[in-house]
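Colleague: Below you'll find the structure I mean.
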Amino acid sequence: MEQPQTTHRNWATLCHLSGMAGFLFTPLVFILGPLIIWLVKRNDDAEVDRHGKEALNFQISMMIYSLAVTPLAFLLIGLPLLLLLAAFDFIMIIVAAVRCKNGEPVHYPLTIRFLT
């Protein structure tokens, strides 16, 4: 039987990884994945609550940055910036998920703290 600690850590890791669904579906899923997991599991464990908030804050921040850069696409500088943001998002999700799975604290860079 799986230990409760391992189960909670798996849910916390999934909070981070669920943001990747936005790469496969609509960009709104970047936020919806972590939001749904956090809302359902936040009261089960403090670790899931912390990681869910961190993942949500990061994905909301990335959406704001992407929206701010999108108008620059008409000047051709926006396309490379959007690609850089997407690569940064992807890499940071992987790093956060690995750290979370190893029980290490996760703090995404360039994150606006909406949920504390």
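Colleague: When the range 24-49 is examined, which residues are found to be touching a residue at least 24 places away in the same chain (Cβ under 8 Å) and over 24 Å from Asn102 (Cβ atoms)?
Modeller: Passing the criteria: Pro27, Ile31.
Colleague: Please find, within the range 59-113, the residue that is farthest from the chain's Cα centre (by Cα) out of those that are within 18 Å of Leu32 (Cα to Cα), surrounded by 14 or more Cβ atoms within 10 Å (Cβ to Cβ) and β-branched (Val, Ile, Thr).
Modeller: Per the criteria, the residue is Thr111.
Since every read-out is calculated from the coordinates, none of them should be taken as a lab result. Source: prediction; values computed, not measured. As a convention, Cβ positions derive from the backbone with ideal geometry for all residues, glycine included, and neighbour counts pool all protein chains shown.
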